């Protein structure tokens, strides 16, 4: 049976040690909360995927959430953590202004290593009502300072669960919208391709220098440029040869 | 860092990062430190480009080379055998999910008269190749079929070749391969850098040829893979593996002393802090008095604004110059990757030439390689000593890895890692300790 593969989007958590990134991850993965920062509880956890169905459509999208593994505790995070991410959530603790003010540094890392990622701002520990020291105004001001690089501002509490699911759903929605736009642009590119390219076998090839020849070369070079993941390539192998007859 | 650990790992090169990952996965409490402020040590990919110029004391460039942070330049040129040990390690540890790869497009070898020829990737290419004459091709084909069917466990496939006794020279003779073909097989397929192997039992050579052809069968054009954003992604991937299994990371940490008591490792000192541990793992640079020099490698990094001549404009290539063609003891390797691997700015190419140093004038030694590159925009030369540990660490619990050698892939590195793991823990690494996802964990 042919199954349509749901596109997976890598989303990373970024921010200071102890602001609740792993708690967000836990909430996302199995909707639990561990009171003391119990490192043991996240041992071996790498990333977790969850499918979001888009409202009023048949489209779905899989958020693949990544946690830092605690690398930021003493050292810096590897640059490869950021690579291939479609979205980054900048997390700080609402009761810790220091964790908020240092975000510009984290933001710099994101734009350096994951140029095209959408960026979201998340103030966590919203349940500590009386101890909250970072105001909505400050969050908005920060967002404005970053030339509106932020695609969304959220307040969450991992302890109560408040706002967490709403945030991830909103991020899924936004990524889905962007995907649709990219796909449309991509399809319109194909309509520009010369119809000669769909030649039946045995038909004389387009002469060198003609536009058909050129676009064929461009298509080929697109093909050459493709990269792959070893594990996925292996899976494909196991599922038998694909139908490509070229 | 004033804590107790099972293991302390010094240096974040690929060997140490794989080690650290395997130790953490096996349940050890690991502290992993590096004196540099970046991950990767010698196996890092330098970025932005300015870092590379600074490292070699060259004034930083103007905007000729495009945007500096589009560059990730490896210091040690290596490719990954598609069916080799490293790929197995990547798959079994799950680290492969952090990486994307591309196949290296072409593999070439310098033949008679200094001409470079494509190493045939399939039968059709083999038949049309001008590497050898028609009759020689038939003999070569018979030889390949023999290697493919050869099973060390099944004497029926041996055709009277005892893999433990019969030398490779005798195998060449048996199949009537001429000296050029034998040279091609030994250096371009078995990837030996000198000719010592010919007098040794043929088992290893046959394994290597098989690895080459199995790797080739995997993704097509060449047996090699290369990770996007450079080789520096590999140590980082294994470091993450270690971290998610509880390993602690510290960078930018000067390492002043490996503390010994009664002939055994008890900790590592940085300034006035001491972290205690039972075992230390490190690269040779952290234990200079415990290693011996076994050779020297010259590596030359060249920035080009064109692909290599005579390679059909391939965007990635390897060219092997067998020692005999240039009257040397060891081969010269030329590797090239480019902007399609996210290691250079659009339109730029990075070629590297490497070989074992044999004379007092190593720059002269790599000239045959430089001759193949065409115009070079910028050139950096580095000479590195190759070290080996003086002892295997089982007595003092200090386990030192070998320096990265001049081979073009990571087979020797992986053998070293698995060997150190076994020396340190007394057992083989158990891949089933790796949980691949949350479901496995619960």
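Here are some notes:
- Residue within the stretch A:115-134 that is within 14 Å of chain B (Cβ to nearest Cβ) and in contact (Cβ under 8 Å) with a residue 12 or more places away in the chain present: yes
- Any chance residue A:148 is modelled with pLDDT under 95, in the same structural domain as residue A:16 (by TED's automatic domain parsing) and in a helix (DSSP H, G or I): no
- Index of the failed condition, residue B:63 passing every other in (1) in contact with a helix residue (DSSP H, G or I) (Cβ under 9 Å, 6 or more places away or on another chain); (2) under 30 Å from residue B:347 (Cα atoms): (1)
- Conditions (1) within 14 Å of chain A (Cβ to nearest Cβ); (2) farther than 30 Å from residue B:315 by Cβ; (3) crowded, with 17+ Cβ neighbours inside 10 Å; number of the one not met by residue B:227: (2)
- Those helices (runs of 4 or more DSSP H) of the stretch B:329-442 in which 3 or more residues are more than 14 Å from every other protein chain (Cβ to nearest Cβ) and modelled with pLDDT of 95 or more occupy B:362-365, B:367-370, B:411-425.
- Residue match in the stretch B:312-322 (condition: in contact (Cβ under 8 Å) with a residue 60 or more places away in the chain, touching a helix residue (DSSP H, G or I) at 6+ places or on another chain (Cβ under 8 Å), over 30 Å from residue A:80 (Cα atoms) and not in a loop (DSSP other than H, G, I, E, B)): yes
Condition check ((1) farther than 30 Å from residue B:32 by Cβ; (2) buried (at least 20 other Cβ atoms within 10 Å of the Cβ); (3) in contact with a strand residue (DSSP E or B) (Cβ under 8 Å, 6 or more places away or on another chain)) across all residues:
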residue: A:79; (1), (2), (3): no, yes, no
residue: A:118; (1), (2), (3): yes, yes, yes
residue: A:145; (1), (2), (3): yes, no, no
residue: A:171; (1), (2), (3): yes, yes, yes
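- The set of residues in the stretch B:194-211 being out of contact with any strand residue (DSSP E or B) (no Cβ under 8 Å at 6 or more places or on another chain) and closer than 17 Å to residue B:151 by Cβ consists of B:203, B:204, B:205, B:206, B:207, B:208, B:209, B:210.
- Unique residue being in contact with a helix residue (DSSP H, G or I) (Cβ under 6 Å, 6 or more places away or on another chain) and away from chain A (no Cβ under 14 Å) when the list is B:182, B:188: B:182
- Looking across the stretch A:83-97, the residues that are in contact with a strand residue (DSSP E or B) (Cβ under 8 Å, 6 or more places away or on another chain), outside any strand (DSSP E or B) and away from chain B (no Cβ under 14 Å) come down to A:86, A:94.
- The one condition in (1) outside any helix (DSSP H, G or I); (2) modelled with pLDDT under 90 that residue B:176 fails to fulfil: (2)
Yes or no, residue by residue, for (1) surrounded by fewer than 22 Cβ atoms within 10 Å (Cβ to Cβ); (2) closer than 30 Å to residue B:212 by Cβ:
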site	(1), (2)
B:39	no, no
B:43	no, yes
B:48	yes, no
B:51	yes, no
B:55	yes, no
B:61	yes, no
B:69	yes, no
B:77	no, yes
B:82	no, yes
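- Contacts under 8 angstrom Cβ, first residue in the stretch B:252-276 being at positive phi, partner surrounded by fewer than 20 Cβ atoms within 10 Å (Cβ to Cβ) and in a loop (DSSP other than H, G, I, E, B), 6 or more apart: B:252/B:35; B:252/B:36; B:252/B:37; B:263/B:395; B:263/B:396; B:271/B:254; B:271/B:256
- Among the residues examined, residue A:112 does not qualify as modelled with pLDDT under 95, buried (at least 20 other Cβ atoms within 10 Å of the Cβ) and under 21 Å from residue A:150 (Cβ atoms).
- The stretch B:242-276 - residue that is in a strand (DSSP E or B) and within 14 Å of chain A (Cβ to nearest Cβ) and, of those, farthest from residue B:12 (Cα to Cα): B:273
- Which listed residue is modelled with pLDDT under 90, farther than 25 Å from residue B:314 by Cα and under 25 Å from the mean Cα position of the chain (by Cα), from B:88, B:137: B:88
- Among the residues of this structure, residue A:47 does not count as one that is within 14 Å of another protein chain (Cβ to nearest Cβ) and more than 28 Å from residue B:37 (Cα to Cα).
- Within the stretch A:58-77, being within 10 Å of chain B (Cβ to nearest Cβ) and in contact with a strand residue (DSSP E or B) (Cβ under 6 Å, 6 or more places away or on another chain) holds for A:64, A:66, A:67, A:71, A:74, A:75.
The values are calculated or read from the model by the stated rules, or taken from the named source; none is laboratory data. In this text, all values refer to a predicted model and were calculated from it rather than measured experimentally. Heads up, the Cβs are rebuilt from the backbone with ideal geometry, glycines too, and the neighbour counts pull from every protein chain shown.
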